[in-house]
Structures are given as structure tokens and as C-alpha cells.
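> Just dropping this structure here.
The values are calculated or read from the model by the stated rules, or taken from the named source; none is laboratory data. Treat the numbers as computed from the prediction; the structure is a model and nothing was measured. With ideal geometry, Cβ positions are generated from the backbone for all residues, glycine too; neighbour counts draw on all protein chains shown.
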Amino acid sequence: MQTNKVKFFRENTKIMFLAVLFVCALSFPARAAQTYVIPSGKAVGVKLYTDGLLVIGMNEVNGSSAPAEKCGVKIGDRIISANGEELNTCEQLAEIVNRNPNGVTLSVRRSRESEELCAVPQKTDNGYKLGLWVRDSTAGIGTMTYYDPETNAFAALGHGICDVDTGNILTVKSGNILNCKILSVRKSERGRAGELEGSFDGAPTGKITKNAKNGIFGIYEAAETGEAIPIASPEEVSEGAAYILADIGGGVRRYNISITKISDNRSAKSITLRVTDESLISVTGGIVQGMSGAPIIQNGMLVGAVTHVFVNDPLRGYGVLAKYMTDG
């Protein structure tokens with residue numbers, strides 16, 4: 001069994017990243033039935049494969065601009081195919097380029113539009129090059145927020161997985177979550193966010209089907225046990241005492257926090273919170289990368305998930321309202 005030591009996703013922002021229906025009857029509004037889920041808090045390994053190859057940079061070839069840049073490729077584009085061959089790996093693109101020194105037709109997707117661009121590679125001492133830096137996958141550690149025993153669906157992270165170089169939310173072709181063992185914790189300090197470090201092992205325990213602004217979502221293949229609790233509506237969340245579930249090494253435990261502000265803005269920053277649990281502070285210094293997705297529970301309901309740490313005050317952070325995770 002092979003294990004890979006990984007670190008949680010990093011972001012290039014000052015704040016680090018760590019996912020009402022009304023029915024009318026006889027003119028009287030009736031509230032929709034609540035959804036019940038099992039809050040998790042377990043650390044999970046996340047592996048995500050992009051839909052095509054994400055362009056993250058360009059470099060000169062033989063002292064001149066990248067051939068790909070000359071033909072119109074831009075950073076943030078996704079290259080879906082080359083000469084009609086669907087692309088899944090960086091190595092695959094390099095092989096096609098070297099096989100076609102007279103020119104390569106790239107099928108490029110930018111936002112929702114696609115176009116065909118023709119690039120002529122340049123010969124170098126290491127073969128033919130287009131001057132592209134591309135990414136085909138990413139991996140890291142996060143926290144599972146909840147499991148739905150009725151549908152086997154799961155949600156995690158509370159925010160989307162973005163490419164560290166472009167800042168774009170990665171478009172998912174496929175992905176998995178895996179069991180993860182936390183090996184060490186680097187504490188957060190003022191001016192520097194800490195992080196969980198761990199290893200993946202074993203077969204995938206779930207499939208990722210969606211990477212959205214308020215979390216990653218998919219089907220969990222290893223059923224969770226525990227008491228199902230209702231997901232709170234935004235109106236049911238209040239400032240004051242709450243707690244999170246998180247695994248910082250040694251299993252999932254409960255840690256006290258305080259919700260200090262609620263903003264009904266449908267974003268991954270709709271809750272402002274402060275860690276008050278001394279046992280958590282002594283180990284992590286507050287919130288660390290890898291705790292992203294830790295479920296927030298108040299009054300017996302799932303009210304949200306941790307999403308960010310304030311770099312200059314790691315006792316404080318943001319969360320997303322749980323309702324907006326269930327909405328995707």
C-alpha cells in the first residue's frame with residue numbers, strides 16, 4: 001500500500017482558504033420538509049482531475065514568445081484536445097507535440113466558448129515545445145462536512161478548489177476522496193496560516209462529481225454512521241455559542257467556537273466565527289488549512305462549515321451557511 005504525504009490547498013490571498021422553498025396551500029405558506037444529514041468532521045484526502053489541461057503559464061522557447069501564446073492560447077484556458085485526441089495528462093500533450101513538429105491543432109475552451117487554435121512547436125535540445133505550463137490534477141487534505149444517508153451524497157470543504165496559479169475554480173472531469181491520516185499539525189501564527197499534514201492510503205471512499213463555489217460534492221461509497229440532524233435555514237442561525245467537528249490527529253472531536261456575525265450573502269464567507277476552545281488553540285493556534293469543511297453545529301442543527309482563516313488573527317475565520325452547501 002502506497003501513501004503520499006500531501007499538504008492542503010494553498011491560496012494566494014490574504015485570507016486563506018482552509019462547500020426557501022415555500023409551498024402555498026389554501027393561501028397559507030407551509031415550510032418545506034427539512035433535510036437531515038450526518039455531520040462528519042473527518043479528514044479526507046482529495047484528488048481532483050481537471051476537464052482537459054489547465055494552462056497556468058507560458059515561457060519563451062529559443063528566445064522568443066511561446067508558440068502557444070503566438071497562436072492565441074491564454075493563461076486560464078483549458079486545452080481539451082490536440083489534433084483530435086482528448087487530453088487527460090500533461091505527458092499526453094507532450095507526446096502529441098513531439099509527434100507533430102509541423103503543427104498541432106488545439107481545441108481550447110475559454111469560459112463557455114471553444115475554438116480551434118493552430119500552434120507550430122519549436123525544436124529544442126529536449127524535443128519540440130509549445131512553451132506551455134499546464135496542470136491536469138491537484139491533491140490535498142480537507143474535511144468532510146456531511147453525509148446524507150438517504151442519497152449517499154457527501155459535501156466537503158465549504159468552498160471550491162481553485163487553481164493556485166490562475167485563481168479559477170477547477171472544472172472537474174473526475175475526482176475521488178480517500179481515507180486520510182493526520183500526521184502532524186503546523187500551528188497558525190499571526191501573519192501565517194498553519195496547516196494539517198497527513199497521508200492518503202487505501203482505495204477511494206467516494207467520487208467527486210462537482211466542484212462549486214461552496215464546496216465539493218459527490219457520492220460516498222463507505223457509509224457513515226451517526227445521528228442525522230437537520231440542516232438549518234439561514235433564519236435559524238444566530239450569533240453565539242456553537243461547536244465544530246474536526247480531526248486534527250487522533251480522530252474527530254468537538255471544539256467550541258462562537259459565531260460573531262451572519263451575512264445572508266450565499267458566499268463561503270456568510271458566517272464569521274471565533275475559536276474559543278483552549279484545547280484546539282493549544283494544538284493548532286486556531287484555524288488551520290485542512291480544517292476547511294469542518295461542520296458547524298448549533299442548537300442541534302448543522303448551520304455551516306468552516307472555510308477560511310484570518311491570517312492576521314488565526315482565532316477568527318469565515319464559514320459558509322449549510323443551506324448554501326446543500327444548494328451546491
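> In segment 224-276, what residues are assigned to a loop (DSSP other than H, G, I, E, B) and closer than 18 Å to A193 by Cβ?
Here is the first cut: in segment 224-276, the residues assigned to a loop (DSSP other than H, G, I, E, B) are 224-228, 232-233, 237-239, 248-251, 263-270, 276.
Those that are assigned to a loop (DSSP other than H, G, I, E, B) and closer than 18 Å to A193 by Cβ: I248, G249, A268, K269.
> Another question about this same structure. Can you tell me which of (1) in contact with a Phe, Trp or Tyr (Cβ under 9 Å, 6 or more places away or on another chain); (2) closer than 29 Å to Y36 by Cβ; (3) of a type in the set (D, E) is the one E195 doesn't meet?
(2)
> Every residue in segment 279-289 that is touching a Ser or Thr at 6+ places or on another chain (Cβ under 7 Å) and of a type outside the set (A, V, I, L, M), please. Reasoning before the result, please.
Quick first cut of segment 279-289, residues touching a Ser or Thr at 6+ places or on another chain (Cβ under 7 Å) only: 284-288.
The answer is T284, G285, G286.
> Filter segment 196-236 down to the residues that are touching a Leu at 6+ places or on another chain (Cβ under 7 Å), farther than 15 Å from G140 by Cβ and of a type in the set (S, T, Y) and list them by number.
T205, the sole residue that qualifies.
> Additional query: With respect to S174, is the statement that it is touching a Phe, Trp or Tyr at 6+ places or on another chain (Cβ under 6 Å), of a type in the set (G, A, S) and more than 14 Å from A156 (Cβ to Cβ) true? Reasoning before the result, please.
On the way: touching a Phe, Trp or Tyr at 6+ places or on another chain (Cβ under 6 Å): yes; of a type in the set (G, A, S): yes; more than 14 Å from A156 (Cβ to Cβ): yes.
So S174 passes the test.
> Now for a different question. Determine, yes or no, whether K187 is at pLDDT 90 or above, touching a Ser or Thr at 6+ places or on another chain (Cβ under 7 Å) and either surrounded by 15 or more Cβ atoms within 10 Å (Cβ to Cβ) or outside the structural domain of E227 (by TED's automatic domain parsing) (or both). Don't jump to the end; show me each part of the working.
Numbers: at pLDDT 90 or above: yes; touching a Ser or Thr at 6+ places or on another chain (Cβ under 7 Å): yes; either surrounded by 15 or more Cβ atoms within 10 Å (Cβ to Cβ) or outside the structural domain of E227 (by TED's automatic domain parsing) (or both): yes.
The answer is yes for K187.
> Return the total of residues in segment 188-231 being among the aliphatic types (A, V, I, L, M) and in contact with a helix residue (DSSP H, G or I) (Cβ under 6 Å, 6 or more places away or on another chain).
Selection size over segment 188-231: 1.
> Looking at segment 287-316 only, could you name the residues that are surrounded by fewer than 24 Cβ atoms within 10 Å (Cβ to Cβ) and either within 15 Å of the chain's Cα centre (by Cα) or over 13 Å from L245 (Cβ atoms) (or both)?
Pass one, segment 287-316, residues surrounded by fewer than 24 Cβ atoms within 10 Å (Cβ to Cβ): 297-301, 310-313, 315-316.
Those that are surrounded by fewer than 24 Cβ atoms within 10 Å (Cβ to Cβ) and either within 15 Å of the chain's Cα centre (by Cα) or over 13 Å from L245 (Cβ atoms) (or both): N299, G300, M301, F310, V311, N312, D313, L315, R316.
> Which strands (runs of 3 or more DSSP E) does segment 62-168 wholly contain that include 2 or more residues that are of a type in the set (V, I, T)?
78-82, 104-110, 132-148
> Looking at the structure I just gave you, is I248 touching a helix residue (DSSP H, G or I) at 6+ places or on another chain (Cβ under 7 Å), surrounded by 15 or more Cβ atoms within 10 Å (Cβ to Cβ) and either over 14 Å from G317 (Cβ atoms) or of a type in the set (D, E) (or both)? Break it down into steps so the answer makes sense when it comes.
Working: touching a helix residue (DSSP H, G or I) at 6+ places or on another chain (Cβ under 7 Å): yes; surrounded by 15 or more Cβ atoms within 10 Å (Cβ to Cβ): yes; either over 14 Å from G317 (Cβ atoms) or of a type in the set (D, E) (or both): yes.
Here the answer is yes, as I248 does meet what is asked.
> I need a count of the residues in segment 148-176 that are farther than 27 Å from R109 by Cα and in contact with a Gly (Cβ under 8 Å, 6 or more places away or on another chain).
Final tally of qualifying residues: 4.
> Can you pull out the residues in segment 220-247 that are farther than 21 Å from N299 by Cα and at pLDDT 95 or above? Quick ask: steps written out before the conclusion?
Residues of segment 220-247 farther than 21 Å from N299 by Cα: 220-224, 247.
Hit for segment 220-247 is D247, nothing else.
> Given the options T205, T225, name the one that is surrounded by fewer than 22 Cβ atoms within 10 Å (Cβ to Cβ), under 22 Å from the mean Cα position of the chain (by Cα) and in the same structural domain as V320 (by TED's automatic domain parsing).
On the way: T225 fails: under 22 Å from the mean Cα position of the chain (by Cα).
None of the other options fit; the residue is T205.
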